[in-house]
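Here the structure is laid out as structure tokens; the discussion comes afterwards.
The values are calculated or read from the model by the stated rules, or taken from the named source; none is laboratory data. Being a predicted model, the structure only gives us computed values, none of them experimental. Please note: Cβ atoms are built from the backbone with ideal geometry, for glycine as well, and neighbour counts cover all protein chains shown.
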């Protein structure tokens, strides 16, 4: 309902000056709104640029402080760890995910040893960085096995919790995994480890650069449409979220981000719980490429991030998080 009418009401009056626009702005950004993804690689003294993601790098464990120091200085609350596993360590069962000396486990221990609780650690719970076929679950006769995969995810979750992970983020989209992981965590005295469920993760075309970053792009056989969501559906996302809340999720993720602002808004309005958005690799690389080619200016970065807050997101996983001070300015 619109109250008032022109000419006695002129909405442009409050837009005339910068101070006035600041007074009535509905959404703002701060470092508190961000989670910084960090890619890990084997070796020593390496910071390796990802060609499909300009400005984003993979780090060896002994170079992690370079990026974590920056995140803490900026006031970012949490980092998210993603490994690029060597092909020689991948197999059909993703057994490297259960190796206490894998990249993620070593990174958790390094960050906790150096920084204690100065910054939170989020870990992906899924098998795709570790499987030779590039899928998030176990395969039999070309079918992704749901219940058998969950058993591996439970063990992966317990291992990461034992190493010191603060927030487990199951991104696999297997049915029922949140409840079983929560039950296992509680049984093993990890009651305070949080679960951020990728409750609404769509089978999207925007993941390409990420798969390049973790080394699963070339190995992926087929697609993930039998377990990730159909991007034509929105009511289904609400059902997924409702189930995960009942099973013990503390927070939920919508992925990708900008093409799914309507999903973020619907979830926030219906469930009133913390909703996170992932501004995925494809979104990031498209924006960066357009800026480089001078098709758009850098203000588009800020605009894209504010869109998530306007839709209702509590936090944003973004590859821009390590530059957020410059973006906000």
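Numbers for the structure displayed
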read-out	value
Test for residue 76: is it under 18 Å from the mean Cα position of the chain (by Cα) and in a helix (DSSP H, G or I)	no
Matching residues in region 215-239 - criterion: being surrounded by fewer than 21 Cβ atoms within 10 Å (Cβ to Cβ), in contact (Cβ under 8 Å) with a residue 12 or more places away in the chain and part of a helix (DSSP H, G or I)	238
Test set (1) closer than 20 Å to residue 282 by Cα; (2) surrounded by fewer than 22 Cβ atoms within 10 Å (Cβ to Cβ); (3) touching a helix residue (DSSP H, G or I) at 6+ places or on another chain (Cβ under 7 Å); (4) modelled with pLDDT of 95 or more - residue 159 fails condition number	(1)
Out of 42, 26, sole residue that is surrounded by 12 or more Cβ atoms within 10 Å (Cβ to Cβ) and more than 19 Å from residue 280 (Cα to Cα)	42
Residue within region 101-109 that is over 18 Å from residue 214 (Cα atoms) and at pLDDT 95 or above present	yes
Residue that is modelled with pLDDT under 95 and touching a helix residue (DSSP H, G or I) at 6+ places or on another chain (Cβ under 6 Å), where the choices are 210, 206, 190	210
Residue 250 surrounded by 19 or more Cβ atoms within 10 Å (Cβ to Cβ), modelled with pLDDT of 95 or more and under 22 Å from residue 82 (Cα atoms)	no
The one condition in (1) in contact (Cβ under 8 Å) with a residue 40 or more places away in the chain; (2) within 22 Å of residue 50 (Cβ to Cβ); (3) part of a loop (DSSP other than H, G, I, E, B) that residue 282 fails to fulfil	(3)
Boolean, residue 44 is in a loop (DSSP other than H, G, I, E, B) and under 30 Å from residue 217 (Cα atoms)	yes
Filter pass, residue 326 being surrounded by 14 or more Cβ atoms within 10 Å (Cβ to Cβ) and either in a helix (DSSP H, G or I) or in contact with a helix residue (DSSP H, G or I) (Cβ under 8 Å, 6 or more places away or on another chain) (or both)	no
Residue within region 24-40 that is part of a helix (DSSP H, G or I), free of Cβ contacts under 8 Å to residues at least 60 places away in the same chain and in contact with a helix residue (DSSP H, G or I) (Cβ under 9 Å, 6 or more places away or on another chain) present	yes
Complete set of residues in region 240-269 that are within 11 Å of residue 200 (Cα to Cα) and assigned to a strand (DSSP E or B)	252, 253, 254, 255
Answer residue from region 86-116, given it is assigned to a loop (DSSP other than H, G, I, E, B) and in contact (Cβ under 8 Å) with a residue 40 or more places away in the chain and is surrounded by the most Cβ atoms within 10 Å (Cβ to Cβ) among those	94
Residue check, residue 306 crowded, with 21+ Cβ neighbours inside 10 Å and modelled with pLDDT of 95 or more	no
